[in-house]
Amino acid sequence: MSDIAALKQRYPLAFGPTPGQRAVRWGIGIAVVMTFDTSGSMAGAPLAAAKAAALGLLPLMGPEDQAAVVAFGSTVTTVQGFTSDKAALEAAV
């Protein structure tokens, strides 16, 4: 068995859930802050890709999971505080 396989077997949550699994092993949800660089260097395709990735996370969230949305450029703005409301998160992204 490789060192990585042994570590995954001993500490499965340290490596996160595999695709299609949710992190509910301990009966608690996860909290994620989705941050977006809104400076000029991210304009166009890079920002669109970041938003698409964030939107891809939403369907994977379970009812016990929460996320927040923060934008930063010359200032930092909390667009959406922690919530499990996927529609609110989608609107914030």
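The values are calculated or read from the model by the stated rules, or taken from the named source; none is laboratory data. Computed from a prediction, not measured in an experiment: that's the story for all the values here. Positions of Cβ are backbone-derived with ideal geometry, glycine not excepted, and every protein chain shown enters the neighbour counts. We work out accessible area using only protein heavy atoms, side chains counted, and drop any ligands, DNA or RNA first. Shrake-Rupley method; radii C 1.70, N 1.55, O 1.52, S 1.80 Å.
Being modelled with pLDDT of 55 or more, closer than 25 Å to A91 by Cα and loosely packed, with under 11 Cβ neighbours inside 10 Å holds for only one residue in A54, A45, and it is A45. Applying the set (1) modelled with pLDDT of 90 or more; (2) touching a Pro at 6+ places or on another chain (Cβ under 7 Å) to A88 leaves exactly one unmet item: (2). For the stretch 57-74, a residue qualifies if it is outside any helix (DSSP H, G or I), closer than 20 Å to I30 by Cα and open to solvent by less than 60 Å² (accessible area, probe 1.4 Å), and the qualifying residues are M61, G62, D65, A67, A68, V69, V70.
Pairs meeting the criteria (first residue in the stretch 75-86 and within 21 Å of G29 (Cα to Cα), second residue open to solvent by 80 Å² or more (accessible area, probe 1.4 Å) and not in a strand (DSSP E or B), beta carbons under 7 Å, at least 6 apart or on different chains) are S84/P63. Which count do you get for residues in the stretch 14-42 that are at pLDDT 85 or above and not in a loop (DSSP other than H, G, I, E, B)? Here the count works out to 10.
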